[in-house]
1. Just list whichever of Lys27/Lys160; Lys116/Lys160; Lys65/Lys160; Lys85/Lys121; Lys85/Lys160 have alpha carbons separated by over 29 Å in the model shown.
2. Hey, which lysines would be in cross-link range of Lys22, C-alpha to C-alpha under 27 Å, not counting anything within fewer than 8 residues on its own chain?
3. Expressed as a rounded percentage, what relative contact order does segment 76-164 have, with Cα pairs under 8 Å and six or more residues apart?
4. Using 0.36 nm times the number of residues separating Asp41 and Met54, minus their current alpha carbon distance, what extension gain do you get?
5. Under the Karplus relation 6.51 cos²θ - 1.76 cosθ + 1.60, θ = phi - 60°, what is the ordered set of whole-Hz ³J(HN,Hα) values for segment 120-132, x standing for Gly and Pro?
6. So which GluC sites (Glu not before Pro) in segment 63-164 pass both tests, a DSSP loop state and at most 15 other Cβ atoms within 10 Å of the Cβ?
7. Using Cα pairs closer than 8 Å and at least 6 residues apart in sequence, work out the relative contact order for segment 37-123, in percent.
8. FRET efficiency for Glu19 and Glu150, Cβ-Cβ distance as r, R0 = 41 Å, nearest 0.05?
Amino acid sequence: LSRFIKEQDKIDTSTSPLERLKINRQKHTASLVELVGGAEDNLLSIHTVFPFVMIADTLKIDRQKLTVVHNTLFGASQTASIRLKDLRNVEADIGPLFGSITLTSQHFLNNTQAIKFLKRKDIIEAQCLLQGFMIAHDAQIDTDNIEHNELKSLLNKLGKENLN
């Protein structure tokens, strides 16, 4: 958005208002297309383990948001999504094989979302990735233009370093 505002300031004032409107519309469209690309870029998707949970719950992380899907019988589900920058805390309870992850945000109803019976390695990866995102956001680092694999690696390293 700040990039758009800076580019908008560069628009030649000698152009007609109609032409400026077209240019602004194109820039808004390009920005929206870029955001959609980031939302389609899944960095992590993990599921609960059968037979502990009959219908798997899912935790998905993309560049923009975190989504928790709690599935129930008969195809019903409850979905909670928040922007990664609104995530406040990630708490992992890890056992020898399985564990749970609890996410805190001011935007969650009752303040937390928990997913139980996740694989140990999935919990560790999710916690490191989310912790890395929170640290990067606090440092005001823009992660939008970093290549997928490099972003995932850097955020995992950043999250691991701060968990020790």
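1. Beyond 29 Å: Lys27/Lys160.
2. Output for Lys22: Lys6, Lys10.
3. Numbers: 120 pairs, mean separation 21.8, N = 89.
Contact order relative to length: 24 percent.
4. 1.9 nm
5. Karplus values, whole Hz, x for Gly and Pro: 3, 5, 5, 5, 4, 5, 5, 5, 4, 4, 5, 4, x.
6. Of the GluC sites (Glu not before Pro), the ones in loops of segment 63-164 whose Cβ has at most 15 other Cβ atoms within 10 Å are Glu147.
7. Working: 173 pairs, mean separation 19.7, N = 87.
That works out to 23 percent.
8. Values: r = 39 Å, r/R0 = 0.94.
It comes out at approximately 0.60.
Each reported figure results from applying straightforward, stated rules to the coordinates on display, with no laboratory input. Since the model is a prediction, treat every value here as computed from it, not as a measurement. Glycine also receives a Cβ, built like all others from the backbone with ideal geometry; neighbour counts cover every protein chain displayed.
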